[in-house]
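Coordinate-derived values only; no laboratory data. For clarity, every value in this text was computed on a predicted model and none was experimentally measured. Cβ sites come from the backbone with ideal geometry, for glycine too, and all protein chains shown count toward neighbours.
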Amino acid sequence: MTDTLTIARPDDWHVHLRDGDMLRDVTQYTARQFGRAIVMPNLSPPVTNTASAEAYRERILAAVPQGVDFTPLMTCYLTDTTDAADLVRGAEQGVFTAAKLYPANATTNSAHGVSNVHNLYPVLDAMEKAGIVLCIHGEVTDHDIDVFDREAEFIERHLRSIVADFPKLKVIFEHITTSDAVDFVMASPDNVAATITPQHLHFNRNAMLVGGIQPHAYCLPVAKREEHRLALRAAATSGSPKFFLGTDSAPHRREDKESDCGCAGIFNAPYALESYLAVFDDEGALDKFEGFASLHGPAFYGLPVSPERVTLTRTGTEVPRIMQAAGSEIVPFHASQNLSWAVQT
Ligand code: DOR
Ligand code: ZN
């Protein structure tokens with residue numbers, strides 16, 4: 001049995017670090033586990049131009065603990081009025097690594113998202129030419145579509161045509177939750193990839209709805225049926241360079257989750273690597289972990305693999321029931337559970 005794993009330092013290709021007190025208190029967890037992270041722009045107001053991204057990057061760097069080496073990679077929140085020239089300039093200046101497409105009202109702080117993908121075509125054209133990665137929250141928001149079908153429907157209504165119309169655009173189907181998404185990405189050319197969260201590998205929709213409603217298992221896109229979870233586990237552990245780590249860690253105060261209208265999002269940053277590794281261990285795929293966590297993402301983004309190494313050992317980690325952030329309690333993913341691996345510091 002393998003009890004020690006040493007790999008290139010992983011990156012998180014999708015995280016929410018928030019702003020203000022929450023940013024101050026949660027950034028340490030991502031910065032300790034990951035060398036770089038793609039930081040989502042869904043602040044209020046959202047990060048929609050180079051100037052606001054530069055200012056946000058400074059606030060993030062100020063929240064990184066002394067002596068910890070961490071690089072935030074910034075994203076531009078696409079809207080119906082995105083200035084393509086500013087986006088391209090921001091990318092050339094090294095401020096933007098990617099741009100994020102939220103369909104309007106798909107999730108937290110997405111009211112300013114794109115109302116009609118076709119209006120975005122001039123921006124996608126500029127991104128394709130400039131080599132800027134497009135990260136997509138792939139859910140339709142049409143009220144006639146069942147919440148469990150929104151991802152599969154997005155493929156048919158929008159993603160197929162985006163990929164066909166921009167054959168050189170690098171597209172990441174973010175936090176995929178269905179076998180439909182796995183199949184679509186597998187069948188697409190090399191410029192199409194996907195991130196997968198730890199929660200969608202660990203649980204199906206029962207976690208949210210059986211034995212009383214479980215607000216801490218609620219995130220968007222919502223977890224689907226077991227057959228979809230199994231397809232995601234197979235994809236993540238397959239060794240295919242099309243699938244890589246993106247936690248979608250999305251902290252919300254406990255009172256905002258345990259509420260009449262609970263927020264979507266799971267705070268998984270503190271034990272993200274231990275969480276993912278449990279899956280690879282269960283699947284007998286420890287040899288595929290470095291690819292998923294540390295190699296496939298940089299290859300897709302065209303960035304160097306971290307020269308640093310990280311060691312994980314089968315010594316166990318106890319996840320606390322509650323953590324503190326932004327003057328509130330916050331419930332982490334795997335609260336009160338034991339995970340069988342630990343990151344060596
Ligand atoms: O569950 C989610 N929470 N999904 C998202 O897409 C956004 C995120 C958030 O910002 O809270
Ligand atoms: Zn997200």
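Numbers below:
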item: J(HN,Hα) series, region 88-93, from Karplus relation 6.51 cos²θ - 1.76 cosθ + 1.60, nearest Hz, glycine and proline x; result: 5, 4, x, 5, 4, 7
item: Computed label-point distance, nm, for sites ALA234 and MET1 using a 7 Å Cα→Cβ extension; result: 2.8
item: Per-residue ³J(HN,Hα) for region 7-18, Karplus 6.51 cos²θ - 1.76 cosθ + 1.60, θ = phi - 60°, Hz, x for Gly and Pro; result: 9, 4, 4, x, 10, 10, 8, 5, 8, 10, 9, 6
item: Separation in nanometres of the label points that stand 7 Å from Cα toward Cβ, at GLN214 and GLU258; result: 1.6
item: Label point at ASP287 placed 7 Å out along Cα→Cβ; residues across region 211-248 whose backbone nitrogen lies under 14 Å; result: 238-240
item: Region 246-345, dipole about Cα centre (Lys/Arg Cβ +1, Asp/Glu Cβ -1), debye to the nearest 20; result: 180
item: Per-residue ³J(HN,Hα) for region 38-54, Karplus 6.51 cos²θ - 1.76 cosθ + 1.60, θ = phi - 60°, Hz, x for Gly and Pro; result: 7, 9, 6, x, 7, 7, 10, x, x, 8, 10, 8, 4, 4, 6, 5, 5
item: Highest to lowest packing among 100-106, 170-176, 204-210, 258-264, scored as the average C-beta count within 10 Å; result: 170-176, 100-106, 204-210, 258-264
item: Difference of contour (0.36 nm per residue) and Cα-Cα distance, LYS168 to ASP19; result: 50.3 nm
item: Theoretical ellipticity at 222 nm over the chain - DSSP helices of four or more residues, -39500 (n - 2.57) apiece, nearest 500; result: -8500 deg cm²/dmol
item: Relative packing of 307-317, 36-46, which averages over residues the other C-beta atoms within 10 Å, highest first; result: 36-46, 307-317
item: Percent of alpha-carbon pairs separated by more than 27 Å within the chain; result: 40
item: Sites ALA111 and GLN66 - FRET efficiency at Förster radius 35 Å, r taken between beta-carbons, to 0.05; result: 0.45
item: Proximal lysine pairs, region 156-294, alpha carbons under 30 Å, eight or more residues apart or interchain; result: 9
